[in-house]
Amino acid sequence: MEANQIRFNDGAAYERYMGKWSQLAGEAFLDWLTPKSGLRWLDVGCGNGAFTETLHARCAPASIEGIDPSEEQLAFARTRPALRHATFRPGDALALPYPDDAFDAAVMPLVIFFVPNPAKGVAEMARVVCPGGIVAGYAWDLLGGGFPYAALQEEMRGMGFDVPLPPSPEASRINVLQDLWEGAGLESVETREIHVQRTFADFDDYWTTILGGPSVGPKLAAMGSGPITALKTRMRARLPADASGRIRYSAKANAIKGCGPD
C-alpha cells in the first residue's frame with residue numbers, strides 16, 4: 001500500500017458513504033466532550049458539514065467557522081438549512097487563516113490522518129484557541145481495524161489490489177494523538193475510544209454506499225467485471241444479514257481533548 005492523495009469532492013456521495021458515520025461518532029464524541037453552550041467554534045476539515053451540523057444541534061454555539069480544502073464539499077455544507085449562519089471558507093489545516101485566540105474551541109473530526117504534518121495541524125488549532133480553550137478531535141483507528149470499511153479494504157488487499165492510505169495513518173493511534181496534543185503545549189489531555197454501529201437496509205444498500213466512496217470508489221470503478229463480482233461475493237459472505245436482511249457494521253474511533261494553557 002502507498003500513501004496516496006484522497007480527494008473528497010462530492011458532498012452528496014460523501015454524505016451517504018461517510019457523513020452518516022461521522023454523525024454517529026460525532027454524537028458520541030460530543031457526549032464525552034460536554035462543552036458549554038455559547039462558544040465560538042472552529043471546525044477544521046469540516047468537509048460537507050456532517051459533523052458541523054451535529055455540533056450546531058448539540059452545542060448551541062455562538063458561532064461556527066468551517067474550513068476545508070474542497071470547494072465542492074463546502075458548497076454542500078452551505079446547503080444545510082441548520083448551518084445557514086455558519087461561515088465556511090477554503091483553507092489549509094497547516095496554515096489556518098485566523099488570528100491568535102480567535103476561538104473558544106477548535107475541533108478536527110476524522111481529519112488528522114489526512115494532514116501531512118499532524119504536529120503542525122495541532123499547533124495551529126492551539127494557536128487560534130484562546131487561553132483555556134478546547135482543542136479536540138477524533139479519528140478512525142485506521143491501523144487497528146476501526147475504519148468503517150476496513151473489511152472491504154482487507155478483501156481488496158487479499159485480492160491483490162492496492163488501497164490508498166491517507167498521508168498520516170499513524171496519527172489515528174491514541175498514544176500518537178496524546179503525544180501530538182501534549183507536544184503542542186495543551187493541558188489536561190484526555191483520550192478515549194468511541195465505538196459506533198451503523199445499520200444498512202440490506203447488502204445492496206451497503207454495496208451502493210461503498211461504490212460512491214471516495215476512498216475506495218475509484219479503485220472499484222477501475223476493477224474489471226470479474227474481480228468486482230468476486231469481491232461482491234466475498235463481501236456478502238463476510239457481512240451476513242440478519243433475519244430482516246439488515247447488515248449491522250461497527251467502527252471504532254480514537255478521541256482526544258485538551259485545553260490551551262491559561
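Just to be sure I follow the definition: excluding the sites themselves, where is the longest run in the chain that has none of the trypsin sites (Lys or Arg not before Pro) in a DSSP loop with at most 13 other Cβ atoms within 10 Å? Write down the numbers at each step before the final one.
Details: sites that count: Arg7, Lys36, Arg84.
Answer from the scan: 85-262.
Working from Cα positions, state the angle (0 to 90°, nearest 10) between the long axis of helix 118-128 and the longest principal axis of the chain.
Between helix and principal axis, roughly 40 degrees.
Within a Cβ distance under 15 Å of Ile174, other residues only, what is the Lys/Arg minus Asp/Glu net charge? Numbers along the way, then the final one.
On the way: positive: Arg173, Arg192, Lys252, Lys257; negative: Asp141, Glu170, Asp179, Glu182, Glu190, Glu193.
With Lys, Arg at +1 and Asp, Glu at -1, the neighbours total -2.
Report for the chain the percent antiparallel among DSSP-assigned beta bridges with both residues inside it, nearest 5. All intermediate terms of the calculation are to be shown ahead of the outcome.
Working: 20 of 39 bridges.
Within the chain, antiparallel bridges account for around 50 percent of the total.
Convert 25 °C to kelvin, take the viscosity as 0.890 mPa s, use the Kirkwood radius over C-alpha pairs of region 139-262 as Rh, and evaluate the Stokes-Einstein diffusion coefficient in µm²/s, rounded to a whole number. Could the numbers behind the result be given before it?
Working: Rh = 16.4 Å.
Rounded to a whole number, D works out at 150 µm²/s.
Among the aspartates and glutamates, which have Cα under 18 Å from the Cα of Lys120 when same-chain residues fewer than 8 positions away are ignored?
By straight Cα distance, Lys120 reaches Asp43, Asp68, Asp92, Asp100, Asp101, Glu170, Asp179, Glu182, Glu187.
For the chain, modelled as a GNM with alpha-carbon contacts under 10 angstrom, which of Gly217, Gly66, Gly133 fluctuates the most?
Fluctuation is largest for Gly217.
Please check: in the Gaussian network model of the chain (C-alpha springs, under 10 Å), which one of Leu143, Leu42, Leu24 has the largest mean-square fluctuation.
Evaluated over the chain, the most mobile residue of the options is Leu143.
As an exercise, find the ratio Rg/Rh for region 106-182 from alpha-carbon atoms, using the Kirkwood inverse-distance average for Rh. Walk me through the numbers before you get to the answer.
Working: Rg = 14.5 Å, Rh = 13.5 Å.
Value, to two decimals: 1.07.
Taking the Cα centre as origin and putting +1 on Lys and Arg beta-carbons and -1 on Asp and Glu beta-carbons, what dipole magnitude results for the chain, to the nearest 20 debye?
On the way: 25 positive and 31 negative charges, 159 e Å.
Using only the charged Cβ atoms, the result is roughly 760 debye.
Give, as ranges by residue number, the residues of region 135-164 whose backbone N falls under 15 Å from the point 7 Å along Cα→Cβ of Glu187.
135
Which one of Trp41, Trp207, Trp21 has the biggest mean-square fluctuation once the chain is modelled by GNM with Cα springs under 10 Å?
Answer for the Gaussian network model of the chain: Trp207.
Within a Cβ distance under 10 Å of Ala136, other residues only, what is the Lys/Arg minus Asp/Glu net charge? Working shown, then result.
Details: positive: Lys257; negative: Glu190.
So the environment of Ala136 carries a net charge of 0.
Measure nothing but the geometry: give the 0 to 90° angle between the long axis through the Cα atoms of 50-59 and the longest principal axis through the Cα atoms of the chain, rounded to 10°.
50
Sequence neighbours fewer than 8 away in the same chain don't count; with that in mind, list the lysines whose C-alpha is under 19 Å from Lys36.
Lys36 reaches Lys257.
Please state the shape class of region 96-146: rounded when a/c is under 1.5, otherwise prolate if a/b exceeds b/c and oblate if not, all from the C-alpha gyration tensor.
Numbers: a/c = 3.21, a/b = 2.00, b/c = 1.61.
Cα axes put region 96-146 in the prolate bin.
Computed over the Cα atoms of the chain, what is the convex hull's projected area averaged over all directions, in nm²?
Values: hull surface 53.4 nm².
It is 13.3 nm².
Please give the calculated 222 nm ellipticity per residue for the chain, where each DSSP H segment of at least 4 residues contributes -39500 (n - 2.57) and the sum is spread over every residue; nearest 500 deg cm²/dmol? Let's see the in-between values first.
Numbers: 10 runs with 95 residues, N = 262.
Rounded to the nearest 500, the figure is -10500 deg cm²/dmol.
Which lysines, on any chain, are close to Lys232 with Cα under 18 Å apart, when same-chain ones fewer than 8 places away are left out?
Lys219
Readers should treat all values here as calculations from the given coordinates under stated rules, not as data from a laboratory. Quick caveat: nothing in here was measured; it's all calculated off a predicted structure. Please note: Cβ atoms are built from the backbone with ideal geometry, for glycine as well, and neighbour counts cover all protein chains shown.
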